[in-house]
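Asks: One structure, as structure tokens, below. Some questions next.
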Amino acid sequence: MFLIKRTIFIALFLLFNSSNFSFAQTSPDKQQILKSMDKDLEKYSKMAHEIWDLAELGFLEDKSIAILQNHLQKEGFKITKGVAGMPTAFIAEYGSGKPIIGLLAEYDALPDMSQAAVPTKQANAAQASTAGHACGHHLFGTGSMAAAVHVKNWLKQTGTSGTIRLYGTPAEEGGGGKVYMVRAGLFDDADAVLSWHPGDENNADAGSSLAAISIRFRFTGIAAHAAGAPWRGRSALDGVEAMNYMVNMMREHITPDSRIHYAILNGAKAPNIVPAFAEVAYIIRHPDMRECKDMIDRVIKAANAAAMGTETEVTHEIITGYFNKLPNKTLAEVMHANLEIVGGVNYTEKERQFAAEIMASYDAKGKTPETAKTIKPLEVITKGMGGSTDVGDISWVRPTTGMRSATWVPGTVAHSWQAVAAGGTSIGHKGMIVAAKTLTLTAIDLYNQPNKLIEAEAELLERRGEDFKYEALLGDRKPPLEYRKGAE
């Protein structure tokens, strides 16, 4: 009922304040906005490369956010630091009133992914750590910031009412920073949330993802000499293995779209000792987060049964939990139209040679360097597949859409040295500005076409159901601020 009233309120607000949105005909031409962004390419490329060099891991991105925050402050944004209990999370705002358009910015790197900006596998000797931006978040954060600044400029120049808000979201790689921000209610008043991600092609699909719950099981037993008195011991590793065996049998009795994967993080240290401690990590995935919850309950029962059968004890801890992403066709159509205006990535001859050399290191699946300049047709994908993202939680509370741009050479997969290499070159920077331009034009269209926000809200309510109440899959746990410490 609250959400229905909220939608009606927005509609009435926009109806009686329509003069605030009459700038569509008098606003600067889109091509002029794009030209002004081209002039800033070198500036934002330099910032992105600084973050690429830093390659800071989740919740440790202090220097990276300083680069972003310092620039935003110079541009007149109000910055709120350390939100939702995370020192490297922030919100930057400009403007006032409705509509509030949110942009997402990520900036964390991955461990053990050091790579120089060359088309062969080679660690970055100049880098202080072994981390690397194998998912392109240095481009993600900087590109979203560039869009926020140019939307700010447009709001100021046209006198348009509204707020542009940049969410600095840390630790996407396993830390789930956005989930804590959603749980804290930081997205509740946003009218739309726009995002993007580095990729090997250009698209703005109304896409989905897999819901995921990451959980660890810790078994405790009794140590003993494995030859001298094994009867006095109770093996924690037996508990882990018994649990894994039962879960593997369970695979026959789960739906085909389900995914269960695990890794033994801590087994025995020596074969002649009955181990008193063992730990296993599980990730449960499904296109619907409600089925994820059901599978987790069944896996927990298997853990408890394994502990009972091996006379050990077990505890469990949910590490992260992501909702599946709800597609929003209304917003995706606006973003796709603007992506087509912006166009893809055009390589110079030098970039084409780099691309050809790096593509020789993997199966490009029929793609060529020319693929980078094409725009894929719009698709509506309602059933998630592949990976999971903490953007999913946002999409259940506010209308959300995203895109990908070709920051990597076509055929590149994420979390690879090839992704790090291209992300450190002009190829990555060009893809970043494609995304920044598309986000900028899309936000401007939403300020000028408030009916799209009403349609997007209605679509959200229809997809999730009116009785939905958000409850984070990770419960009330605090952000795992030290989960990457020691992995630098």
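Asks: From Lys152, Lys178, Lys121, Lys156, which residue is in the same structural domain as Tyr362 (by TED's automatic domain parsing), in a helix (DSSP H, G or I) and farther than 26 Å from Asp40 by Cβ?
Replies: From the options Lys152, Lys178, Lys121, Lys156, the qualifying one is Lys178.
Asks: Moving on. Does Arg216 fit the bill of being over 18 Å from Gly141 (Cα atoms), basic (Lys, Arg) and outside the structural domain of Pro450 (by TED's automatic domain parsing)?
Replies: It is true that Arg216 is over 18 Å from Gly141 (Cα atoms), basic (Lys, Arg) and outside the structural domain of Pro450 (by TED's automatic domain parsing).
Asks: While we're here: Say we look at the range 205-224 and pick out the residues that are of a type in the set (Gly, Ala, Ser) and part of a strand (DSSP E or B); which of these is surrounded by the fewest Cβ atoms within 10 Å (Cβ to Cβ)?
Replies: Checked the range 205-224; the qualifying residue surrounded by the fewest Cβ atoms within 10 Å (Cβ to Cβ) is Ala224.
Asks: Give me a count of the residues in the range 240-268 that are assigned to a loop (DSSP other than H, G, I, E, B) and either farther than 16 Å from Lys293 by Cβ or of a type outside the set (Asp, Glu) (or both).
Replies: Count: 6.
Asks: Consider the range 299-339. How many of its residues are outside any strand (DSSP E or B) and within 28 Å of the chain's Cα centre (by Cα)?
Replies: Number satisfying all stated conditions: 19.
Asks: Regarding Arg216, is this residue in contact with an Asp or Glu (Cβ under 9 Å, 6 or more places away or on another chain) and over 25 Å from Lys81 (Cα atoms)?
Replies: For Arg216, the condition - in contact with an Asp or Glu (Cβ under 9 Å, 6 or more places away or on another chain) and over 25 Å from Lys81 (Cα atoms) - is met.
Asks: In the range 382-430, how many residues are in a loop (DSSP other than H, G, I, E, B), surrounded by fewer than 24 Cβ atoms within 10 Å (Cβ to Cβ) and of a type in the set (D, E, K, R)?
Replies: Residues meeting the conditions: 2.
Asks: Continuing with the same structure: Looking at Glu317, Glu313, can you tell me which residue is assigned by TED's automatic domain parsing to the domain that holds Phe277, at pLDDT 95 or above and either surrounded by fewer than 24 Cβ atoms within 10 Å (Cβ to Cβ) or more than 30 Å from Arg232 (Cα to Cα) (or both)?
Replies: Glu313
Asks: Look at the range 401-430 and say how many of its residues are touching a strand residue (DSSP E or B) at 6+ places or on another chain (Cβ under 7 Å), over 14 Å from Ala117 (Cβ atoms) and either at pLDDT below 95 or not charged (D, E, K, R) (or both).
Replies: Adding up the residues that qualify gives 6.
Asks: Select from the range 136-177 the residues that are of a type in the set (Phe, Trp, Tyr) and surrounded by 24 or more Cβ atoms within 10 Å (Cβ to Cβ) and list them in ascending order.
Replies: Phe140, Tyr167
Asks: Output the residue which, of all residues in the range 456-488 that are small (Gly, Ala, Ser) and touching a helix residue (DSSP H, G or I) at 6+ places or on another chain (Cβ under 6 Å), is modelled with the highest pLDDT.
Replies: So the residue we want is Ala456.
Asks: Does Ala190 satisfy the condition of being more than 23 Å from Ala372 (Cβ to Cβ), assigned to a loop (DSSP other than H, G, I, E, B) and either at pLDDT 95 or above or not small (Gly, Ala, Ser) (or both)?
Replies: yes
Asks: A further question follows. Report, by residue number, each residue of the range 353-374 that is more than 17 Å from Asn202 (Cα to Cα) and not hydroxyl-bearing (Ser, Thr, Tyr).
Replies: Those that are more than 17 Å from Asn202 (Cα to Cα) and not hydroxyl-bearing (Ser, Thr, Tyr): Gln353, Phe354, Ala356, Glu357, Ile358, Met359, Ala360, Asp363.
The values are calculated or read from the model by the stated rules, or taken from the named source; none is laboratory data. Just so it is clear, the structure is predicted and the values come from calculations on it, not from any experiment. Glycine also receives a Cβ, built like all others from the backbone with ideal geometry; neighbour counts cover every protein chain displayed.
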